[in-house]
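Asker: Can you read through this structure? Questions will come right after.
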Amino acid sequence: MFNDLQGHGFLPSTKPLLKLPNEFNALNQILDDMTFWQKNGTASGLLAKNHLRSTVDLDFPDLSS
């Protein structure tokens, strides 16, 4: 699972996923929207507007099943 890469220490042998599988689209969307600085360069993310908690409470589905 981990390799001792010279000069980098122990790292996973595979790169992490950039996007989670489709069943986690709601989480992917919240993660994309929460960053303070958005891809368009504005400070309009959920953290910048203090809307992360309300977005999670209202829009995030129960994934426990």
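Please treat every number below as a calculation from the coordinates, not as lab data. This structure is a prediction, so every number in the text was calculated from the model and none was measured. FYI the Cβ positions are ideal-geometry reconstructions off the backbone, even for glycines, and counts take in every protein chain you see.
Asker: So what's the net charge close to Leu52: Lys and Arg +1, Asp and Glu -1, counting the other residues with Cβ under 15 Å from its Cβ?
Answerer: Net of charged neighbours comes to -2.
Asker: Note down the nm distance, to one decimal, between modelled labels 7 Å out along Cα→Cβ at Ser65 and at Lys49.
Answerer: About 3.0 nm, to one decimal.
Asker: How big is the shadow of the Cα convex hull of the range 23-65, averaged over all directions, in nm²?
Answerer: The number I arrive at for the range 23-65 is 3.1 nm².
Asker: Let me ask something additional. Which net charge results for the neighbourhood of Gln29, defined as the other residues with beta-carbon distances under 11 angstrom from its beta-carbon, given Lys and Arg at +1 and Asp and Glu at -1?
Answerer: My count for the surroundings of Gln29 gives -2.
Asker: Given a Förster distance of 30 Å, report the FRET efficiency between Leu17 and Thr42 from their Cβ-Cβ distance, rounded to the nearest 0.05.
Answerer: 0.65
Asker: Got a sec? How would Ser64, Ser54, Ser44 order by Cβ neighbour count within 10 Å, fewest to most?
Answerer: So the residues, fewest neighbours to most, are Ser64, Ser54, Ser44.
Asker: Reachable aspartates and glutamates from Lys19, Cα under 18 Å, same-chain residues fewer than 8 places away excluded?
Answerer: Once the sequence-local aspartates and glutamates are set aside, what remains near Lys19 is Asp32, Asp33.
Asker: Compute the signed sum of charges (Lys and Arg +1, Asp and Glu -1) over the other residues within less than 13 Å, Cβ to Cβ, of Lys39.
Answerer: -2
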